[in-house]
1. How charged is the neighbourhood of Ala37? Take every other residue with its Cβ under 15 Å from the Cβ of Ala37, and add Lys/Arg as +1 and Asp/Glu as -1.
2. Can you give me the distance in nm between label points at Leu11 and Asp66, each placed 7 Å from the Cα along the Cα-to-Cβ direction?
Amino acid sequence: MMALGRNVVLLGVGVAGVSFLSNKTNRGKVKDMWSNAKAKTVGFWNRTVSELDPVIEKAGHPDPYDHDDNKMVDEGAMYGVHYYNNAKHG
């Protein structure tokens, strides 16, 4: 019985889609949306390495005056020391 209800819903969605796409302006809107989504996706996947360079540059050479970043690195460096001390001394 549940399969019949699902089939009716799918049939309704299909009919609504066909009736929506029967109008030429609606087809144009859907086509434009599809083209824009495709262009954004292709642009995302085809990023060049030069766009990623600032992230890599910052990771390789941290700014000594960026105190928040240095504090985060300092806390991360202390994690191993705290772990060792807790394991050794309980």
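1. +3
2. Here the modelled spin labels are 6.1 nm apart.
Quick note: the coordinates plus some simple rules give every number you see, no bench work behind them. Being a predicted model, the structure only gives us computed values, none of them experimental. We place every Cβ from the backbone using ideal geometry, glycine too, and count neighbours over all the protein chains shown.
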